[in-house]
């Protein structure tokens, strides 16, 4: 079963200087921290805060490509982990309208009736940081498998959280 998550915040790890994306479920019962690089953390933070770059960032470019090609992003799934590395995938829907003439010809059909074709789900491997940044820009849900939540290493997370101080979460605006 896949569990929907929302990006709660992006914070700096005071021990390493890396960025940590904190994902939570709707009931705040599950927490998934993902360590990412500075650029990746900033890309996610920009999307969270609605900051628009004067020039398109990589995730903005990918969003524009998908929209131009009429290939909707359905969801992002964080599906597995090996050691401390998470793996994610983009789930796209290729509709008959988004298939090119070359695609149709390669399927052995000269002029296939588009109305009879079913949408096809495409899955593309992605780093979780890129998948999250794109999901936020496109307004699509982010999911995690139950297996990943079980494997995330809650003992290590609890130890890490105990070391944090309120100042590590940044300025608080009441």
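The values are calculated or read from the model by the stated rules, or taken from the named source; none is laboratory data. Note that the structure is a prediction, hence the values are computed from the model and not measured. FYI the Cβ positions are ideal-geometry reconstructions off the backbone, even for glycines, and counts take in every protein chain you see.
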Query raised in the report: Which of the residues that make up the range 1-18 are in a strand (DSSP E or B) and touching a residue at least 24 places away in the same chain (Cβ under 8 Å)?
Result: 2, 3, 4, 5, 6, 7, 9, 10, 11, 12
Requested in this report: Would you check which residues across the range 22-39 are out of contact with any helix residue (DSSP H, G or I) (no Cβ under 6 Å at 6 or more places or on another chain), in contact (Cβ under 8 Å) with a residue 60 or more places away in the chain and not in a loop (DSSP other than H, G, I, E, B) and list them?
Outcome: 23, 31, 32, 33
Requested in this report: List every residue pair whose Cβ atoms lie under 6 Å apart, where the two residues are 6 or more positions apart in sequence or sit on different chains, the first residue falls within the range 124-147 and is without any contact (Cβ under 8 Å) to a residue 60 or more places away in the chain, and the second residue, located anywhere, is crowded, with 17+ Cβ neighbours inside 10 Å.
Outcome: 124/90; 125/89; 126/88; 126/90; 131/76; 131/88; 131/90
Requested in this report: Being without any contact (Cβ under 8 Å) to a residue 24 or more places away in the chain and either at positive phi or in contact with a helix residue (DSSP H, G or I) (Cβ under 8 Å, 6 or more places away or on another chain) (or both) is the filter; apply it to the range 73-98 and report the residue that is surrounded by the most Cβ atoms within 10 Å (Cβ to Cβ).
Outcome: 96
Requested in this report: For residue 34, indicate whether it is at pLDDT 90 or above and touching a strand residue (DSSP E or B) at 6+ places or on another chain (Cβ under 6 Å).
Outcome: yes
Query raised in the report: Taking the condition modelled with pLDDT under 80 and either surrounded by fewer than 17 Cβ atoms within 10 Å (Cβ to Cβ) or farther than 30 Å from residue 15 by Cβ (or both), does residue 103 pass?
Result: yes
Requested in this report: Would you be able to tell me the number of residues in the range 40-72 that are touching a helix residue (DSSP H, G or I) at 6+ places or on another chain (Cβ under 9 Å) and either on the phi > 0 side of the Ramachandran plot or not in a loop (DSSP other than H, G, I, E, B) (or both)?
Outcome: 15
Report task. Kindly indicate whether residue 148 is touching a strand residue (DSSP E or B) at 6+ places or on another chain (Cβ under 7 Å), assigned to a loop (DSSP other than H, G, I, E, B) and modelled with pLDDT of 90 or more. Result -> no
